[in-house]
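Nothing in this text is a laboratory measurement; each read-out follows from the coordinates by a stated rule. All figures in this text were calculated on a predicted structure; none of them were measured in a lab. Cβ atoms come from the backbone with ideal geometry, glycine included; neighbour counts cover every protein chain shown.
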């Protein structure tokens, strides 16, 4: 009997769907959200396989019986793990080099390659000069392939949207978590801890970002941002280790309550009182924008307020739940309860804001580039720079239609996924 009861209990546990599986099931029932997610996966693969789809760097070359794969060198350069040295300096002239055999990407033009035989706006349906590959979306004034710019813009759009919202989500969850869980009375710290963490904050800004501005803003290596993040985390770890050592040395344990809820909400109100797009435009104009990383950082640092307010409200709801009270009664620390118990049960609705935020970040980057404040298109092509080049070319419809359609579709799928998440989270059977 006991064995049968155990087997029945195990079967019930195995067949009971989890919270996230229920959300995923409800999400898939929404046709628009389901197809939007599929389109997002396709765009994600386009961004990952970008060098194999578009570019003048060959996938494979064979000369004098020796085979080479230049495309993998480009991957390393894009990741910041290699430099443009040696024969790779001639990448702008791959089409002019002679190979016994060469396999090029599907669109054998990079976004910056100028086809001198097809300058002054060649239509995708009109006559094109030369015997080279066809420009499927036409060319711009300088003979650059529009299709190459559209596909390379997918990587930039997803990078800006996903990474900026990742930064905003981390900041928003941290600030909202502090405000919602601890309130104005529960977060206590020593004066020494407060002072050293404030000093660590300013030291991190200086050593991780200001002193490394050349690496962050002028180099192409995306890994520089990860280095700055590691430096920031290291500075805060050292500061708190120093706090622990000084407390032991000074034999001081006196703490004061920090009104963290009041401070966070006043900061949110100050940031929200200024139009967000205006803030982004001002800071984007101040910082150099040779790469897309300043745009990502700026959008991320000013996009966390909505997430913080929403997450704070969710924590105000769950912090007095029985399982939270039980965790406190068992003697778990506040930080363990916050991140291991409260956070997983309150983060579901936050994902809705993240999905909508990705769409907003993509629009913000396109707006900045279109206005000439973001990337100028000389180092990296985005959909915004393509739209900027369409100004003054009213008769050349393809210059505005294709990048505009790309922005519309991408923003639409993230909005539909956000709407699908909203319906899944609000479902009564969750």
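What does the C-alpha gyration tensor say about the overall shape of the stretch 297-430? Classify as rounded when a/c is under 1.5, otherwise prolate if a/b is larger than b/c, or oblate.
In terms of gyration-tensor shape, prolate.
Return the distance in nm (one decimal) between the two label points of a simple spin-label model at residue 49 and residue 371, each offset 7 Å from Cα along Cα→Cβ.
3.7 nm
Between residue 119 and residue 282, take the C-beta separation as r, use R0 = 41 Å, and let me know the FRET efficiency to the nearest 0.05. Display every interim value, and only then the final one.
On the way: r = 37 Å, r/R0 = 0.89.
Step by step, r from the Cβ atoms, then E = 0.65.
Can you order the peptides 149-162, 306-319, 51-64 by their average number of other Cβ atoms within 10 Å per residue, highest first?
Ranked from most to least packed, the peptides come out as 149-162, 306-319, 51-64.
Mind checking the full-extension length gain between residue 247 and residue 206? Use 0.36 nm per residue of separation minus the Cα-Cα distance, one decimal, nm. Walk me through the numbers before you get to the answer.
Numbers: separation 41, 0.36 × 41 = 14.76 nm, distance 2.64 nm.
Difference between extended and current length: 12.1 nm.
Measuring from a point 7 Å past the Cα of residue 238 along Cα-to-C-beta, which residues in the stretch 169-206 have an amide N at less than 15 Å?
196-206
Mind checking the full-extension length gain between residue 166 and residue 38? Use 0.36 nm per residue of separation minus the Cα-Cα distance, one decimal, nm.
In short, 44.0 nm is gained.
Place the peptides 177-186, 198-207, 267-276 in order of packing, highest mean first, counting for every residue the other Cβ atoms within 10 Å and averaging per peptide.
177-186, 198-207, 267-276
If each of residue 333 and residue 18 carries a label point 7 Å out from its Cα toward its Cβ, how far apart are those two points in nm?
For residue 333 paired with residue 18, the spin-label model returns 2.5 nm.
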